[in-house]
1. When you check Leu479 against the structure, is it outside any loop (DSSP other than H, G, I, E, B) and either among the hydroxyl-bearing types (Ser, Thr, Tyr) or in contact with a strand residue (DSSP E or B) (Cβ under 8 Å, 6 or more places away or on another chain) (or both), yes or no?
2. Conditions first: (1) surrounded by 13 or more Cβ atoms within 10 Å (Cβ to Cβ); (2) on the phi > 0 side of the Ramachandran plot. His467 passes all but one, so which condition is the exception?
3. Taking Ala462, is it more than 22 Å from Asn218 (Cα to Cα) and modelled with pLDDT under 95?
4. Against the definition (of a type in the set (Gly, Ala, Ser), within 34 Å of the chain's Cα centre (by Cα) and within 21 Å of Leu168 (Cα to Cα)), how does Ala127 come out, yes or no?
5. Only residues that are polar (S, T, N, Q) and buried (at least 17 other Cβ atoms within 10 Å of the Cβ): list them for segment 254-278, please.
6. Out of curiosity, is Asp490 of a type in the set (Asp, Glu), over 24 Å from Val394 (Cβ atoms) and either at pLDDT below 90 or touching a Ser or Thr at 6+ places or on another chain (Cβ under 9 Å) (or both)?
7. In segment 383-440, how many residues are among the β-branched types (Val, Ile, Thr), in a helix (DSSP H, G or I) and surrounded by fewer than 18 Cβ atoms within 10 Å (Cβ to Cβ)?
8. Residues of segment 78-95 being touching a helix residue (DSSP H, G or I) at 6+ places or on another chain (Cβ under 6 Å) and surrounded by fewer than 21 Cβ atoms within 10 Å (Cβ to Cβ), which ones?
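The values are calculated or read from the model by the stated rules, or taken from the named source; none is laboratory data. Quick caveat: nothing in here was measured; it's all calculated off a predicted structure. FYI the Cβ positions are ideal-geometry reconstructions off the backbone, even for glycines, and counts take in every protein chain you see.
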Amino acid sequence: MLAMARSCAVVGLDGALVEVEVDTANGLFAFTIVGLPDASVTEAKERVKAAIKNSNCLFPQRRITVNLAPADLRKEGPAYDLPIAVGILLASMEIQADAPIQESLFLGELSLDGSVRHTNGILPMVALAREKQVKAVFVPAVDALEATLVEGVEVYPVETLRQLIDHLNGTSRIERFVVDPSILETATEVSYAQDMAAIRGQEHVKRALEVAASGGHNILMSGPPGSGKTLLARAMPSILPKMIASEALDVTKIYSVSGMLSADIPLVRQRPFRAPHHTISHAGLVGGGRIPRPGEISLAHRGVLFLDELPEFGQNVLEVMRQPLEDKVVTISRAQGTITYPANFMLVAAMNPCPCGFYGDPVRECSCSATAIARYQKRMSGPLLDRIDIHIEVPRIDYEKLADKRQVETSAMIRARVQEARERQLLRLKHVHLTCNAEMGPAEVRTFCEVEPSAEKLLKAAMQQLHLSARAFHRVLKLSRTIADLAGADLIAANHIAEAIQYRPKIGL
């Protein structure tokens with residue numbers, strides 16, 4: 001007998017509908033799964049067989065063939081356990097309901113005792129169900145809260161296979177999972193590891209970080225060891241603006257596919273902060289692998305990617321960030337196909353000026369040769385540095401500043417100004433579907449970056465004297481627009497241009 005149940009695969013960050021066809025025929029017992037399954041899908045045979053038996057159902061001792069269609073789409077992961085079990089039970093007449101099953105989607109891994117376990121990628125799978133107008137989705141009970149983030153789909157939490165069988169046969173009903181719809185609007189209290197109030201001195205660096213947070217600009221901090229670069233970077237999340245609903249859903253989808261989503265908090269509220277070690281591989285940073293997975297730059301989407309000791313990263317690893325920094329997406333091409341992941345992150349980098357760290361320090365003498373310093377600084381290419389809007393020096397802190405008992409601005413105070421500036425940008429850019437100034441292209445810069453005559457003269461002089469590239473010209477304008485937003489100004493004034501130019505690297509890239 002032939003039976004069919006629907007499931008879903010995840011390709012990149014999107015769902016793809018999979019039809020699980022089960023055929024039982026006379027003959028010696030055999031259990032075959034076809035349709036490009038990987039090892040975890042092939043091993044479903046043993047899990048499904050044990051789960052059906054331990055759910056007090058008869059497992060058919062016949063020739064069983066399971067086809068996962070379309071056959072040219074590679075299937076991986078244990079999410080097909082539940083639909084395979086449902087298909088087999090349909091074919092063996094243990095489940096008698098046909099109509100509701102054709103309009104339902106089944107997702108979940110089975111344990112040997114028949115309980116249904118957590119599955120990665122529930123959010124994009126349920127989003128596909130809404131797109132395909134599937135009425136009901138049966139998901140593991142631990143993932144039901146995540147599934148309800150997609151509106152317009154009936155979500156049924158399944159704890160055991162036996163419970164699902166009784167529901168489909170009509171003997172015992174599973175109640176539809178209903179959650180308060182305000183989960184997307186209700187802001188939760190977010191705790192931060194570091195606060196700007198704990199950092200003494202470095203006021204000009206805090207100002208640069210405020211500008212970077214307001215417009216989503218990339219920033220590079222350079223200074224001797226112990227000057228506070230890493231501490232300032234780790235305090236960066238505490239001044240970032242809150243995520244809007246669409247941003248939160250985008251980030252949640254990435255973390256759902258990566259298996260990094262908490263069951264208790266299904267919606268990512270806090271902007272990501274990723275700080276990979278400099279020994280990270282190419283695939284670990286940008287994504288990839290035999291079965292492509294999002295890398296650190298995608299996990300930092302809508303948040304911060306912090307690269308400490310920037311020159312210590314491999315040159316090839318750094319150079320692959322050029323395209324994501326410009327296009328805000330990363331494309332991974334393999335023989336099986338091409339996958340695109342979002343990578344709209346804010347790069348925060350820190351480095352020492354030389355191998356020993358004390359080049360230009362007024363207290364300690366640098367022990368590096370001129371050749372060693374030049375070789376160290378050339379580990380980052382000019383095109384990569386040109387994509388960083390803010391270059392700021394972090395000098396040694398004096399004792400008087402460290403021992404100062406006066407109150408300094410807290411992260412909450414800075415965050416309020418950043419939030420106000422970001423809301424101005426959201427309002428201005430809503431018709432072009434952008435969220436911050438750093439995302440503007442040349443067309444948007446021409447439209448939204450109106451400059452006063454005196455500021456235009458200053459910008460022209462800077463172009464000629466600093467030999468700015470066309471990319472640097474647009475980045476100075478975008479940075480000036482952010483500084484003007486922080487000041488509440490509609491037009492970019494000369495002082496806004498002057499501050500933006502000060503953040504350019506001294507070598508005039």
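1. yes
2. The number of the failed condition is (1).
3. Details: more than 22 Å from Asn218 (Cα to Cα): no; modelled with pLDDT under 95: yes.
Spelling it out, it is not the case that Ala462 is more than 22 Å from Asn218 (Cα to Cα) and modelled with pLDDT under 95.
4. Working: of a type in the set (Gly, Ala, Ser): yes; within 34 Å of the chain's Cα centre (by Cα): yes; within 21 Å of Leu168 (Cα to Cα): no.
Spelling it out, it is not the case that Ala127 is of a type in the set (Gly, Ala, Ser), within 34 Å of the chain's Cα centre (by Cα) and within 21 Å of Leu168 (Cα to Cα).
5. Going residue by residue through segment 254-278, those that are polar (S, T, N, Q) are 256, 258, 262, 270.
Passing the criteria: Ser256, Ser258, Gln270.
6. On the way: of a type in the set (Asp, Glu): yes; over 24 Å from Val394 (Cβ atoms): yes; either at pLDDT below 90 or touching a Ser or Thr at 6+ places or on another chain (Cβ under 9 Å) (or both): no.
So Asp490 does not fit the description; no.
7. Our first condition is that a residue be among the β-branched types (Val, Ile, Thr); within segment 383-440, this holds for 388, 390, 392, 394, 397, 408, 410, 414, 418, 432, 435.
This time we only want the ones that are in a helix (DSSP H, G or I), so: 414, 418, 432.
Still in the list and also surrounded by fewer than 18 Cβ atoms within 10 Å (Cβ to Cβ): 432.
Within segment 383-440, residues that are among the β-branched types (Val, Ile, Thr), in a helix (DSSP H, G or I) and surrounded by fewer than 18 Cβ atoms within 10 Å (Cβ to Cβ) number 1.
8. Just the residues of segment 78-95 that are touching a helix residue (DSSP H, G or I) at 6+ places or on another chain (Cβ under 6 Å), to begin with: 78, 80-81, 84-85, 95.
Across segment 78-95, the qualifying residue is only Pro78.
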